[in-house]
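Taking it in order: structure first as structure tokens, then the write-up.
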Amino acid sequence: MAARRNAVVPVQGRDGQSMPEASGTDGLRLDREGPVARLTLSRPPNNFLDVTLVAGVADALLALDEDPACRVVLLAAEGKHFCAGADFSRRTDGTGAARHPVSGRTLYQEACRLPLSRKPIVAVVQGAAIGAGLGLAAIADFRVTCPEARFSANFTRLGIHPGFGLTATLPRLVGAQRAALLFYTGRRIGGEEAVAIGLADQLVPQEGLLAAAMALAGEIAASAPLAIASTRVTLRQGLAEAFTAAAAREEAEQDRLRQTADFREGVRATAERRAPDFTGS
């Protein structure tokens, strides 16, 4: 089959309607190049997550599972950053809760659909993959990144419990001890360190990110699809269940900690670009 470059392929969402080509409410674009489907977050420059966007990503991934022409999904983003997490500067309820309901579902309920997808995913990580953005990148099978990228599970720097299933996915990638260090400190690490600890898989110059990710996706797509699918099930066994269990506890703890003075201070400090002054209350 001849490759189709930059052809926009509509994806059926939960309402049976085609997903928009770009931006719009969902902030997603889907392009096809032969067996590789490129799903692009299109809310530049930061690509902040909310329930609608996560639901759109889950809908697209699960729809691509039913497309025999698709063998690999490339998860990319427009703008300066891959995904800077939730936008705490636009809180609608005064608590920092990033909730924009889709049929009454929460962000984590939608996120729990992500590890159910069956096609291999290669994430293209430029700029920031922060908080829930890191959680989104961690869903992928592989991450291609650049030295300028920044990875951070910064939840405790906001006074809140880690989330987006990262308490299940991050230890799988970097080990329990390194995951604890990243959670407890909220530190940011660059692309080189991310590759060194196993958080990312390939380091390339920023201008070559997409090409390198496409090359990796093409290499995977050249392997036998049934064998890839079978191997992936073996390697990721228990992931969806672990993610769902982790997300339930994460969400409950986040709801509890949102009521604390430390959380309010963490959000204010982030908005004001200063170090937080936590009191343990």
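The values are calculated or read from the model by the stated rules, or taken from the named source; none is laboratory data. Source: prediction; values computed, not measured. We place every Cβ from the backbone using ideal geometry, glycine too, and count neighbours over all the protein chains shown. Side chains included, ligands, DNA and RNA excluded: accessible areas come from the protein's heavy atoms. Shrake-Rupley method; radii C 1.70, N 1.55, O 1.52, S 1.80 Å.
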**Asked** Which peptide among 117-124, 44-51, 201-208, 70-77 comes first, and what is the full order, when sorted by highest mean count of other Cβ atoms within 10 Å?
**Response** 70-77, 117-124, 44-51, 201-208
**Prompt:** Summing Lys, Arg as +1 and Asp, Glu as -1, what charge do residues with Cβ under 9 Å from the Cβ of V54 carry, V54 excluded?
**Reply:** -1
**Request:** Show me 182-188, 227-233 ranked by packing, highest mean number of other Cβ atoms within 10 Å first.
**Result:** 182-188, 227-233
**Complete:** Residues meeting the amide H criterion for G163 (H placed from the backbone, H to H distance under 5 Å, 5 or more places apart or on another chain) are none
**Under 14 Å, Cβ to Cβ, from D201 - net charge with Lys/Arg +1 and Asp/Glu -1** = -2
**Request:** Using per-residue counts of other Cβ atoms within 10 Å, averaged over each peptide, order 128-135, 252-259 from highest down.
**Result:** 128-135, 252-259
**Message:** Using amide H atoms built in the peptide plane, which far-off residues or other-chain residues are under 5 Å from A77 H to H?
**Reply:** L41
**Asked** In terms of modelled amide H atoms, which long-range or inter-chain residues lie less than 5 Å from the amide H of R38?
**Response** D31, R32, E33, L74
**Asked** Dividing the convex hull volume of the alpha carbon atoms of the chain by its residue count, what do you get in Å³ per residue?
**Response** 123 Å³
**Prompt:** In degrees, nearest 10, range 0 to 90: what is the angle between the Cα axis of helix 209-221 and the longest Cα principal axis of the chain?
**Reply:** 50 degrees
**Projected label distance in nm at R178 and R236, using a 7 Å step from Cα toward the beta-carbon** = 2.1 nm
**Prompt:** Per the helix-only calculation at 222 nm, which mean residue ellipticity applies to the chain, given -39500 (n - 2.57) for every DSSP H run of n ≥ 4 and division by its residues, nearest 500 deg cm²/dmol?
**Reply:** -11500 deg cm²/dmol
**Asked** Counting only protein heavy atoms, what percent of the accessible surface of segment 212-281 is carbon or sulfur at a 1.4 Å probe?
**Response** 58 percent
**Message:** How much of the DSSP bridge set in the chain is antiparallel, in percent, rounded to the nearest 5?
**Reply:** 40 percent
